[in-house]
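So the structure is just underneath, and the comments pick up after that.
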Amino acid sequence: MTHWKKFITAGLAVLGTAALIAGCSGNAGSSHSAESLQSAPEKAFVIGLDDNFPPFGFHDKQGNLVGFDVDMAKEAARRMGVKAEFKPIDWSAKEAELKGHKIDAIWSGLSITPQREEKMLFSRPYQNARQIILVKEDSPIRSKSDLAGKTVGTQEGSTGLAAINKDTDMKAQLKDLKLYSDNVSGFMDLKIGRIDAMVVAEVVALYYNHQNQAGFRVVDGGYDFVPTGVGIAKDNQALKDQLDKALESMHEDGTASEISKKWFGEDITK
């Protein structure tokens, strides 16, 4: 997906090296049903996210939570008549957070997969993404087959891990599979050589590489493009309907496109 590279030079300089800065801000709050969201303006719409996931959600130099998904969520919440409240969560426990109504939604570059659809509802898709293999510039790895005998990293509970698990033959040939709580930790290990490669969303990898001059290279692993959506509890169809309406209006009037161009330099929405 070489077209992603177009965004690298567009509109990113103002963000500096914020991708390296992680934090634990965001207010935890009790979750609300779709009905209460609808009937009481400025009630909190509690959104669970990985807050160390640039450029979707991360902390800038001032400690503010920023990112593509953060902007999308704030605008959708405004159109729903509620206030977006962000709650950083353990990504591996995201389904439990949602099922237990500790959050109203998961909005954090969440790929729509059959396995996840068994556990939650999804909003209409708002972008497409794919996983790639990320290596250092001087790595001998040129294809997925070159991962045999290598140590590969990915985020725990991620679409990258699902892609690895799906390819059982390749996984069986790995020397080791290392799981991380967030992608930035994996990128740091890749840079110093603790792992040989990472399986990660392409846009995340390209953004990090550009922001930090990390010296990484993308290898096409042949992974499919997967739509991204907002995860909602199975018993909250009313909230899904509200959110779908907001996302559709953002798509139709060009707001989603504008937010995308701010972060990527092009329209990645759908």
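The values are calculated or read from the model by the stated rules, or taken from the named source; none is laboratory data. These numbers come from a predicted model, not from an experiment. With ideal geometry, Cβ positions are generated from the backbone for all residues, glycine too; neighbour counts draw on all protein chains shown.
Scanning region 63-98 for residues that are in a loop (DSSP other than H, G, I, E, B) and either closer than 20 Å to ASP244 by Cβ or not assigned by TED's automatic domain parsing to the domain that holds LEU110 (or both) returns GLY81, VAL82.
Being within 24 Å of GLY231 (Cβ to Cβ) and assigned to a helix (DSSP H, G or I) is the filter here, so list the residues in region 259-270 that pass it. It would help to see each step written out before you state the result.
Step one: of region 259-270, the residues within 24 Å of GLY231 (Cβ to Cβ) are 259-260, 262-264, 267-270.
Within region 259-270, ILE259, SER260, LYS262, TRP263, PHE264 qualify.
For GLY160, the criteria (1) in the same structural domain as ALA44 (by TED's automatic domain parsing); (2) crowded, with 19+ Cβ neighbours inside 10 Å; (3) without any contact (Cβ under 8 Å) to a residue 60 or more places away in the chain hold in every case but one, which is (1). Elements of the type strands (runs of 3 or more DSSP E) sitting completely within region 115-225 and holding at least 2 residues that are under 22 Å from GLU95 (Cα atoms): these cover 127-136, 151-155, 176-180, 197-201.
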